[in-house]
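Any read-out appearing in this document is the output of simple, stated calculations on the displayed coordinates, not a laboratory observation. Predicted model only: the values in this text are computed from it and were never measured. Here the Cβ is made from the backbone with ideal geometry for all residues, glycine too, and neighbour counts use every protein chain on show.
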Amino acid sequence: MATVQVSEAEKVYILHGVRDDLRVDGRGCEDYRHMEIETDMVSNTDGSAKVTLGHTDVLVGVKAEMGKPRPMVPDEGYLEFFVDCSANATPEFEGRGGDELGMELSNTLYKVFNNRYSVDLKSLCISPGEHCWVLYVDVLLLQCDGNLFDAISVAIKAALFNTKIPKVHISEDEEGGKEIELSDDPYDCMRLNVENVPCIVTLCKVGHRHVVDATLQEKACSVASLIISVTHKGTVTCVRKVGGGSLDPESIFEMTETGKRVGKALHAPLMALLQEEESLGKKRQKVGFLG
Amino acid sequence: MLKSKTFVKKTRSGGIMKIVREHYLRDDIWCGSEVCTECKQEETVLQKDACIESNLCSFPHYLLPDTNIVLSQIDILEDPLIKNVIILQTVLQEVRHRSAPIYKRLKDILHDKEKHFYTFTNEHHRETYIEREQGESANDRNDRAIRISTKWYSDHLNNTPTDKRLKVVLLTNDRGNKEKAEESGLLTYRCKKQDTSVTSVPQDETAVLTSNEITSSKVLFPEHLPLSRIQSGIKSGTFQQGTFRASRDNYLEATVFVHGEGDDSTEVLIQGLQNLNRAVHQDLVAVEILPLNQWVAPSSVVLQDEGPKEDDVTEEEEAELKSGPSGAASRKPTGRVVGIIKRNWRPFCGMLFLSQIKEATRHLFTPADRRIPRIRIETRQAATLAGQRIMVAIDGWPKHSRYPNGHFVRSLGSAGDKETETEVLLLEHDVPHQDFSQAVLSFLPKMPWNITEEDMAVREDLRNLTVCSVDPPGCTDIDDALHCRDLPNGNQEVGVHIADVSHFIRPGNAMDLEAANRGTTVYLTGRRIDMVPELLSSNLCSLRSSVERLAFSCIWEINDKAEIVKTRFTKSVINSKASLTYAEAQMRIDDANMNDDTTKSLRGLNRLAKILKKRRIEKGALTLSSPEVRFHIDSETHDPIDLQTKELKETNSMVEEFMLLANISVAQKIYDEFSECALLRKHPAPPPSNYDILNKAAKSKDMVIHTDSAKALADSLDAAQVDGFPYFNTLLRILATRCMMQAVYFCSGMDSDFHHYGLASPIYTHFTSPIRRYSDIIVHRLLAVAIGADSTYPDLMDKHKQSALCNNLNYRHKMAQYAQRASVAYHTQLFFKSRGILNEEGFILFVRKNAIIVLIPKFGLEGTVFFENKDKPSPKLIFNEEVPSLTVEGHSFNMFDKVKVTISLDASNVQHQKIRMSLVEPVISGVSVAPSEPEPEVKRAKLDR
């Protein structure tokens, strides 16, 4: 993970600030940085979104492809994750530098999102046991400025919201062979229900308190952090501790409570925003990558 | 300005892909009108005084047709009267998508400067480009695009000075579209109105053309019934099951052979595209017999699918079909195909028929076999594949498609190439000709191979005998050798030694299965396709001279009158003293100075053979004749240089005689031992009607041929001689050959009639050529079991398996024969190609309704001289079926008449090159041609290089 060098004096300054609920950039402990979201960025994906959180910049594209359902769950589709840590994001990713992080991120994302409680996997099934949609979620890190998990999760939720899967129906020919037929109308497509898709809130233990959306400097002062995925109802679906230090049970409990509160508050404006953008339709002025 | 076009497509592998294309809009697309002052165009197409004499629009106007108008009224648009038409890109694309021939015609009109047709690329124009809206179908979107463009045009032309103002008239037959257009203030007419108002267009033409809407998704064929219903239908007798055989001459006609109980199989005639219902040659289909009043007679017209008509159902041709002879007597059971029980698709060889649209990826493929329909394939490499022989496999035949869909399998090479043509020939005749697989080769004996002690222990040692072989020159797979010696008791011992192939090929292994599948070695001109790997066929099994070889020997004790006293069979080891050719053997016999053992043995054999032959002929064996040719092949180019008919020497018949004797002896032995599962060969007597043509032919020379028995036939053939016409007898024998049935293998347990008609033998089999025939291998195994030299195995004793094997062998033999004939025909063509045009004498072999078939003895070549020609008025022809004779402009042709013809190669159709013959003598004005000059010497010199 991208790190910065922080001197002892700086550390003390940050720690004291957090203790007084005033962070270096003026935020409170439970405040996010400025966040920008744009969907439908990449035309050759089925759904895409770009999220900018502070200087962290991630792009998520969703491609729907036809595949065979997993044998254990023949009536469900599934999601696949791939995180590409491009060297654009930080020089450390050069060569194979980003692979490990990429693996870690995609494994976590798989755990968080690929389950029937987050995404309605049954709706991805075309014909049980034979065909289903496989959603390939590709995450591209464009810039790292801390709090990757949160940014990625928001971007995934937005991209899934934006995803349009072409409608197909199965027709049977005279020999009993099944053929997949594609709708003629490009607007005739299926949308995913993203209501239950969780968002990840990362909480960093800084001193005795914990902060959300830590910058790189704050991260450098933290011993351990907790990632919590929370649905819009405030249900915690996944908790993971990352980082080298240890957390005492009491603070874990406190952090989970904070995570629930923050996560719940995150969903409502996000959905409102996405719906608003959607309602603009074609009239929307696209910002793109250069804007 | 950049837009992106997005659409979803199904890939060939069944996946679904989203495709995004960048679409650039521009504002420098001009309107193409002469009157326009705004557009900065250099050239204009549309005239300023655009006026069609029309009582509907008296003002000057441009026409703007929509897609359906173009598709249905292309003939009107082609009329020279119609000028100044705007064709939108949208329309052009739709037309291209829906009908290639009409697209081609439209493109031609667009290129015609006189017509003043202008293509407006509205899809790239900033002001006329529209995106498809939600809930809008592709068609609606295109209609809207057409309306928007019309609107743009009328607004655009309104900006011109008032005195020159022109209007744009949208032509559409779609009521909805018309209403919408009129709402937005556009001048719209239906095409019918517009046309009738165009005063100078003949009325009747418009009437014809207003109908006939073309829809690509139209269902052309009735649905096939599901298998369950077919089965119940067959059980209840409403449907019949049979093999579908398409007609070679008429693509709208086919017959279905319905196999009834026992021998009574009926033929059901199928006529018309709908009734044929997507069945392909050799499919197993279910047919429903039509009611009696719908029965028809087979048509005698030759119809070939011309291809590019695409989906226009060939109604006229079907009408023509029905107008054939419809006398009640000639009517046949007629039916229609209701379902396919089993497809018999294989990859087909043929050539690509390029689409008229240059950049199109869908093309029609024309198979070499005329009975197979054209196949539509998708390829991007059409340009490279044109002119090549390719293989295509059929994938399916949807009910709304005129042609089956297929895919490109592989290229065989460029057409006309000798290698390629041979490959095509082998593939088309289903001759397995791949190299032997590793699994097969693994069963070959390890080299160096030697005869072991164990072999010697169970075999008779005949190495001291003076055995020799007599074969055609250049033969490497020698499977028979002979010996003859005097016995002390005054009798003679004659031995026929056959290569012991069954020693090397053990039952059930990969090599055995491969050989059983191949069935026979195929000899083509200049190439041999082996049944067993070369190591065996040309080395270990081949009974070459001065090497020790394993053999299966049949040894007789024969007395002076050539009567068999004793017969025995044994596995043996021999050492052939000489491998001779027929000519060499003949020379030895004739040369009185030669008195070595080999020669003496040959003389003895020859003497006995003559007696045997005489006796056989007395019993009624037929001596038939067929013109066979051999090519002299250039050793480097492998082109035929010269051809000659095969001639037969005494030694040929000497070897033949002993082979027959061995075959008959073995047949008797294996039948005695295994009455249920002996593999035998029979030749059924032909039905009397087969001899009709022979009788008529003889009658023309005042002779009578008795056909009641083989003996009578043989005698009357011998008696039939015409003074001064020595070739007559040969011709008669050639005809007699054509009357014969096919000889077939069968399993003795499955049949009761064993008689061999041609050889006049009550029982017969094949024993003497195990290297090149699988039947002989089986016979060897049976015989080996019979004499206790080998053990049996289950399949050998199973008459049903044996019978199935016979069927395959018969099929392979037939196909091998066809392939050989085709190979000879191809080389004959090559020969005549290099020779240019020749004048030769020939004899009329058959007389047909509109042609005579001529045989050229010199080349053993048969050809047809047609008296009807497409581009010439046909001469007066009177055909008398009784004689038969054909009278052409007063000159009558009878069978066996001597004629002179020119021979040339007709290469107009690359796939079906043929020898063309035309009459030189007798001279009939308007029919015969002048004799051509003999081929120039220069050409010859070139060839002899």
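Quick notes on this one:
- Share of pairwise Cα separations in region A:1-130, more than 21 Å, in percent: 61
- Relative packing of B:224-233, B:913-922, which averages over residues the other C-beta atoms within 10 Å, highest first: B:913-922, B:224-233
- Shielding by partners, peptide A:183-190 (average Cβ within 10 angstrom, other chains): 4
- Estimated 222 nm signal from helices in chain B, with DSSP H stretches of n ≥ 4 weighted -39500 (n - 2.57), rounded to 500: -9000 deg cm²/dmol
- Counting all C-alpha pairs of the protein assembly as shown, share separated by more than 55 Å (%): 47
- Amide N of region A:235-255 lying under 16 Å from the label point, which is placed 7 angstrom from the Cα of A:N107 along Cα→Cβ: A:239-244
- Using the Cβ-Cβ distance between B:S414 and B:Q47 with R0 = 41 Å, the FRET efficiency computed as 1/(1 + (r/R0)^6) comes to roughly 0.25.
- Protection proxy ranking for B:590-598, A:258-266, using the average of other Cβ atoms within 10 Å per residue and placing the highest first: A:258-266, B:590-598.
- Screening chain B for DSSP H helices whose Cα atoms reach 24 Å or more along their own axis and whose mean Kyte hydropathy is at least -1.0 gives B:650-673, B:799-835.
- Approximating the spin labels as points 7 Å out from Cα along Cα→Cβ, the A:R191-to-B:K104 distance works out to 4.9 nm.
- Rg ratio for chain B: its Cα radius of gyration over 2.2 N^0.38 Å, N being its residue count, equals 1.23.
- Per-residue shielding of B:129-137, expressed as the average number of other chain Cβ atoms within 10 Å of the residue Cβ, stands at 2.
- Comparing A:I126, A:S48, A:I200 along the charge dipole axis of chain A, the residue lying farthest to the positive side is A:I200, per the Cβ-charge model.
- With neighbour counts taken as other beta-carbon atoms within 10 Å, the residues B:S553, B:S803, B:S928, B:S149 rank, fewest first, as B:S803, B:S928, B:S553, B:S149.
- Most tightly packed first, judged by the mean number of other beta-carbon atoms within 10 Å of their residues, the peptides B:794-800, B:852-858 read B:852-858, B:794-800.
- Stretchable slack from B:E454 to B:H259, in nm (0.36 nm times residue separation minus alpha-carbon distance): 65.0 nm
- Modelled spin-label separation between B:V565 and B:Q356, with each label point placed 7 Å from Cα along the Cα-to-Cβ direction: 8.5 nm.
- Region B:705-799 shape via C-alpha gyration tensor axes, a/c threshold 1.5: prolate
- Residues in region B:790-831 that a label on B:S752 would reach, taking backbone N under 12 Å of a point 7 Å out along Cα→Cβ: none
- For B:T119 and B:D590, the difference between the fully extended length at 0.36 nm per residue and the C-alpha to C-alpha distance is 160.7 nm.
- Checking the cross-link pairs A:K63/B:K9; B:K696/B:K849; B:K849/B:K876; B:K699/B:K876; B:K814/B:K858; A:K233/A:K264 against a 18 Å limit on the alpha carbon distance flags B:K699/B:K876; B:K814/B:K858 as lying beyond it.
- Under Stokes-Einstein, with the Kirkwood radius over Cα pairs as Rh, the value for chain A at 10 °C and 1.306 mPa s is 79 µm²/s.
- Förster radius 51 Å - calculated FRET efficiency between B:F7 and B:R248 (Cβ-Cβ, nearest 0.05): 0.70
- Residue among A:V197, A:V239, A:V73 with the largest mean-square fluctuation in a Gaussian network model of chain A, springs linking Cα atoms under 10 Å: A:V73
- Shown for B:H281, B:H259: other C-beta atoms within 10 Å of each C-beta, ranked fewest to most, produce the order B:H259, B:H281.
- Linear extension gain, A:Q275 paired with A:D25, 0.36 nm per residue minus alpha-carbon span: 87.0 nm
- Amide hydrogen neighbours beyond the local backbone of B:V920, cut-off 5 Å, H modeled: B:K900, B:V901, B:T902, B:V929
- Charge tally around A:I37: other residues with Cβ under 9 Å, Lys/Arg +1 each, Asp/Glu -1 each, net -2.
- Inter-site label distance for B:M703 and A:T235 at 7 Å from Cα along Cβ, in nm: 10.3
- Residue order for B:I234, B:I341, fewest other beta carbons within 10 angstrom first, comes to B:I234, B:I341.
- Stretch in chain A that is longest and holds no chymotrypsin sites (Phe, Trp or Tyr not before Pro) that DSSP places in a loop and that have at most 15 other beta carbons within 10 Å: A:1-116
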